[in-house]
Amino acid sequence: MGNVLKIILQRLALGLLTLLIVSIVIFVAVNLLPGDFAQSILGQGATPEAVASIRADLGLDQPPVTRYFQWLGGVLQGDLGTSFAQANFASFTGTDSGATTVAQQIAPRFANTMFLAMVTAAIAVPFSIMLGVLAALYRNTVFDRATNIFTLSSISSPEFFLAYILILFLAVLNPIFPSLSNIFEGMAFSERLEKSMLPALTLTLVVTAHMMRMTRAAIINLLASPYIEMARLKGLSPMRVIVKHALPNALAPIINVIALNLAYLITGVVVVEVVFVYPGIGQLFVDSVKIRDIPVVQACCLIFATAFILLNLTADIMSILSNPRLRHPK
Amino acid sequence: MHGISRRGLLKTGVAAGVLGLSGMPLRAQTRGGKLTAGLSGANTSDSWDGRTHSDLFMIASAQGAVFDSLTEIAADGSLKGELAESWEASADAKTWTFNLRQGVTFHNGKSFGADDVIESLQLHVAEGAKSAAQPIVAAITEMTKITDNQVQFTLASGNADFPYLMSDYHLLMYPAGQTEEAIAQGIGTGLYQVQSFDPGVRMVATRYPDHYKGDGAGFFDEIEYIAINDNTARMNALMTGQVDAINRIDFKTEALLRANPALRIQEVTGNQQYTFPMLTDTAPFNDVNVRRALKYGINRQEMVDKILLGHGAVGNDTPIGPANQYYAADMEQLEYDPDQSKFYLQQAGLDSLDIDLSASNAAFEGAVDAAQLFQASASAGGININVVQEPSDGYWSNVWLKKPFCACYWSGRATEDWMFSTAYEAGVPWNDSQWDEKDSARFQELLLTARAELDSDKRRDQYAEMQQILRDDGGVLVPMFANYVQAVNNRISSPDTVGNLWQMDNARMAERWSVA
């Protein structure tokens with residue numbers, strides 16, 4: 001087990017380095033985009049004086065390297081800073097009492113995104129493992145082919161297209177679910193669930209193929225093993241052979257893929273949130289990029305990157321733990 | 001409003017208070033119910049600070065529901081009092097006395113008075129403030145509180161339109177001494193009181209009991225504005241009945257909405273205009289003949305048909321549109337005529353002309369397509385336009401006012417003087433054609449005379465002449481006026497006359513519409 005601990009620490013250290021690099025890349029990228037916060041917030045009213053005055057208020061007139069290290073210094077102390085929009089608003093009123101910090105701004109949005117991810121996972125994971133098992137059981141039948149075609153075509157379509165198809169069939173033609181997922185604080189759980197259904201189904205369609213195909217492949221791989229043959233010779237039903245004997249040994253790769261897809265549910269929701277007007281972190285991210293609100297963009301990216309790193313790490317650890325050979329390397 | 005001339009209102013304004021109180025419902029409108037609207041133009045940077053408002057979501061939430069201004073433009077374009085009951089001008093239109101409505105309270109219980117007016121207006125000229133209404137307030141040299149309910153403004157120069165300017169959506173009234181709190185929480189004197197506001201997401205407000213506008217306005221018990229910036233999502237929300245009204249219909253899908261019997265489309269032609277300004281201090285646009293050649297090289301009707309898909313009207317190179325009081329409707333329309341283009345090029349001593357036209361869809365939806373149509377039509381007259389596609393980001397900072405010839409839009413203004421002094425007066429920052437004294441002495445002279453003129457007929461002549469000058473010599477091509485198109489479902493009833501200065505009944509649907 002000491003071995004596993006070492007790997008975790010190693011990977012966490014590497015993860016921190018990755019975060020640092022991500023923050024540099026994002027900072028440079030946002031700075032390379034034409035226009036800055038002052039120009040985009042003022043729009044047509046961007047007179048040179050007004051632009052200069054906002055830049056001075058927000059410290060945007062400092063060289064980028066200075067600004068980056070100021071930001072980094074804050075983050076190392078656990079302070080994600082104040083968004084430009086809020087800081088600018090505060091400079092209007094002459095105090096910073098009313099300004100909310102980036103952390104306060106992101107927290108409710110992140111909770112919403114996590115909620116959507118959990119609803120999706122609750123639907124997608126059992127659904128795809130079940131499909132995978134069934135496809136392995138009835139491999140090379142019409143059912144198997146149909147499942148493959150369905151899941152592969154849904155993963156190959158752009159998300160907004162899937163979203164619009166679902167809206168057409170489940171909201172416009174058959175008004176079952178609302179097309180607008182404007183959830184808000186204080187909403188009853190059942191209503192929140194209903195409003196989140198279409199985005200969750202869209203994301204389910206996007207992540208199902210990967211997990212289902214991996215389940216199917218991993219199980220089929222094992223079906224040629226001697227112990228499976230033994231089980232079959234004992235006279236067990238095919239379903240029992242797969243669920244009781246093959247599936248536990250196929251779990252490692254499946255868990256791996258599930259973890260990767262869960263990471264996608266947090267980082268890949270941008271388009272889906274915009275289409276369904278879901279007030280999650282993805283929409284905040286899009287809005288902030290639009291107005292070049294670097295502190296918010298940076299914080300969102302850090303969250304995305306952290307989710308990815310942690311879930312990848314989990315995937316690796318889980319596959320080590322579920323495989324004795326990796327657990328006790330010789 | 002009929003039977004009372006705009007001038008009569010302007011001079012004394014006494015009647016305005018009566019009109020405001022009577023409310024004049026066009027049909028029996030009943031109180032109650034809820035309005036849910038899906039609106040674009042929302043940002044996570046939104047706040048209740050009127051100085052920052054620039055797009056529909058906050059205009060509809062603030063001036064349209066929670067806050068009030070001194071005056072208000074009615075749906076038919078006439079001016080009426082909101083927090084001001086009446087007003088009087090001195091003979092030179094330099095000194096204005098506003099009588100404020102009495103017994104008005106803010107949502108926190110504080111009563112409204114002269115101090116609130118003065119402090120609220122001063123916000124726009126405060127040190128370091130970046131208000132778009134700064135020029136309006138900066139023109140006031142002195143604000144005096146005469147009594148608790150009377151304020152006197154002294155202007156640097158006479159301005160007959162001053163009461164109109166006070167209806168600007170930036171000029172909201174906050175409680176004096178509590179401005180910060182009011183901006184943070186949204187405390188105004190409007191018909192609706194904020195319940196919750198999540199910037200860039202949602203705004204909910206309920207009807208303020210015993211409001212001074214009485215039963216003639218603000219018919220809903222509750223309003224909810226949902227921020228939906230995505231066109232398709234907005235349309236879906238309306239189609240599936242999750243919202244009752246949406247703004248900015250995509251022209252391409254408008255037919256689908258029209259086919260739905262449960263919805264109706266509201267379309268009004270206002271002053272929103274799509275333009276191509278040229279810098280008249282830069283060669284070759286400093287030559288009036290070159291400008292005229294370009295005026296004849298653009299096919300206006302084709303632009304209305306193909307860019308606006310018919311949802312608009314042709315422009316005549318003046319920013320004064322059909323929604324303005326002194327619109328010169330009888331002025332001869334500029335037509336596409338390549339021979340005239342060639343003629344004016346010869347007058348300029350040129351055989352052909354090569355110019356760059358900078359465009360981006362940030363200027364207006366379809367601006368790049370419009371530039372290409374212009375390129376095709378102008379080539380017949382010997383003008384070779386090279387369309388330069390600019391990035392949308394930073395367009396207003398890097399291209400507009402910088403590149404000699406580019407695409408632009410204006411939402412227009414309620415009065416002629418307001419529009420001219422925003423974008424055509426010599427030396428103002430947004431004069432996007434650098435239209436200055438040396439080129440337009442007569443225009444600039446008329447601008448100042450007309451501004452202080454209280455006689456309506458004289459003013460009409462002066463503005464007609466100014467429009468003629470712009471049509472013939474001006475540096476801005478105004479090929480089209482774009483309609484405001486919005487949709488409402490039949491659960492909601494709206495008056496027959498819908499405001500055309502802004503989207504969604506001048507952003508005042510919460511005040512004027514009701515449950516059917």
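Think of the range A:46-186 as a dipole: +1 on every Lys or Arg Cβ, -1 on every Asp or Glu Cβ, centred on the Cα centre; then among A:Ser53, A:Ala171, A:Gly74, A:Ala171 lies furthest on the positive end.
Note on chain A: Rg/Rh from Cα positions, Kirkwood definition for Rh, rounded to two decimals, is 1.06. At 20 °C and 1.002 mPa s, what whole-number value in µm²/s does Stokes-Einstein give for the translational diffusion of the range A:130-239, with Rh from the Kirkwood sum over Cα pairs? Diffusion coefficient, whole number: 131 µm²/s. Applying the Karplus relation 6.51 cos²θ - 1.76 cosθ + 1.60 with θ = phi - 60° to the range A:9-14 yields 3J(HN,Hα) values of 4, 4, 5, 5, 4, 4 Hz, where x marks Gly and Pro. The distance between label points at B:Asn361 and A:Phe69 comes to 4.2 nm (points 7 Å beyond Cα on the Cα→Cβ vector). Computing FRET efficiency as 1/(1 + (r/R0)^6) for A:Leu9 and A:Leu168, where r is the C-beta to C-beta distance and R0 is 51 Å, gives about 0.55. Using only the C-alpha atoms, the convex hull of the range A:108-296 corresponds to 136 Å³ per residue. Each stretch of four or more DSSP H residues adds -39500 (n - 2.57); spread over every residue of the protein assembly as shown, this sum gives -14500 deg cm²/dmol at 222 nm.
Rounded to the nearest 20 debye, the dipole magnitude of the protein assembly as shown is 4660 debye, with +1 charges on Lys and Arg beta carbons, -1 on Asp and Glu beta carbons, and the Cα centre as origin. Within the range B:366-506, all pairs of alpha-carbon atoms sorted by distance into 10 Å bins from zero give the percentages 9, 30, 32, 21, 8, 0. By the rule of a C-alpha distance below 27 Å, with chain neighbours fewer than 8 residues away ignored, the lysines paired with B:Lys458 are B:Lys11, B:Lys80, B:Lys94, B:Lys438. Dipole check for the range A:108-296: with +1 at the C-beta of Lys and Arg, -1 at the C-beta of Asp and Glu, and the Cα centre as origin, the magnitude is about 700 Debye.
Evaluated at q = 0.20, 0.22 Å⁻¹, a Debye calculation over the C-alpha positions of the range B:111-246 (equal weights, vacuum) places log10 I(q)/I(0) at -1.26, -1.35. The GluC sites (Glu not before Pro) of the range B:67-131 that meet both conditions, a loop assignment by DSSP and at most 13 other Cβ atoms within 10 Å of the site Cβ, are B:Glu127. When the inverse distances between all different Cα atoms of the range B:299-402 are averaged and flipped, the Kirkwood radius reads 15.4 angstrom. Inter-label distance, A:Phe143 to A:Glu49: 7.6 nm, where each label sits 7 Å from its Cα along the C-beta direction. Test of understanding: extend the Cα→C-beta vector of B:Gln346 to 7 Å, then name every residue of the range B:448-485 with backbone N under 12 Å from that spot. Counting backbone N atoms under 12 Å from the label point, the list is empty. Shown for the range A:1-147 is the translational diffusion coefficient from the Stokes-Einstein equation, using the Kirkwood radius over Cα pairs, a temperature of 4 °C and a viscosity of 1.567 mPa s: 64 µm²/s.
Put a plus charge on the Cβ of each Lys and Arg, a minus charge on the Cβ of each Asp and Glu, and nothing anywhere else: the dipole of the range A:81-220 about its Cα centre is then about 500 debye. Placing R0 at 30 angstrom, the Cβ-Cβ distance between A:Thr18 and A:Gln62 gives a FRET efficiency of 0.65 after rounding to 0.05. Of the residues B:Leu448, B:Gly64, B:Ser360, the one whose Cα sits farthest towards the positive end of the charge dipole of chain B is B:Gly64 (charges of +1 on Lys and Arg Cβ, -1 on Asp and Glu Cβ, taken about the Cα centre). Counting Lys and Arg as +1 and Asp and Glu as -1 over every other residue whose Cβ lies under 12 Å from the Cβ of B:Ala487, the net charge comes to 0.
The Cα atoms of the range A:91-189 define a convex hull whose projected area, averaged across directions, is 10.4 nm².
For B:Gln150, the residues whose amide H sits under 5 Å from its own are B:Leu100, B:Ala114, ignoring neighbours fewer than 5 places away on the same chain, with H placed 1.01 Å from N. Normalising the Debye intensity of chain B to I(0), with uniform scatterers on Cα atoms only, and taking log10 at q = 0.13 Å⁻¹ returns -1.32. Ranking A:Asn182, B:Tyr424, A:Leu262 by Cα position along the charge dipole of the protein assembly as shown, where only Lys, Arg, Asp and Glu carry charges on their C-beta atoms, puts A:Leu262 farthest toward the positive end.
In whole angstrom, the range B:239-336 maps to an equivalent ellipsoid with semi-axes of 35, 15, 13, each derived as √(5λ) from the alpha carbon gyration tensor and ordered largest first.
The stretch between A:Ser153 and A:Val243 holds 29.7 nm of extra length on full extension. This uses 0.36 nm per residue minus the Cα-Cα distance.
Excluding the site residues themselves, the longest part of chain B lacking any trypsin sites (Lys or Arg not before Pro) in a DSSP loop with at most 13 other Cβ atoms within 10 Å is B:32-401. Between B:Ala329 and B:Gln150, the distance separating the two model label sites (each 7 Å from Cα on the Cα→Cβ line) works out to 4.1 nm. One equal scatterer on each Cα of the protein assembly as shown, no solvent, Debye formula: the resulting log10 I(q)/I(0) at q = 0.05, 0.10, 0.11 Å⁻¹ is -0.33, -1.15, -1.33.
Taking the DSSP beta bridges with both ends in the protein assembly as shown, the antiparallel portion is around 75 percent.
Read the figures in this text as sums done on the coordinates, not as results from a lab. Values in this document were obtained by computation on a predicted structure and should not be read as measured data. Cβ coordinates were reconstructed from backbone atoms using ideal geometry, including for glycine residues, and neighbour counts include every protein chain displayed.
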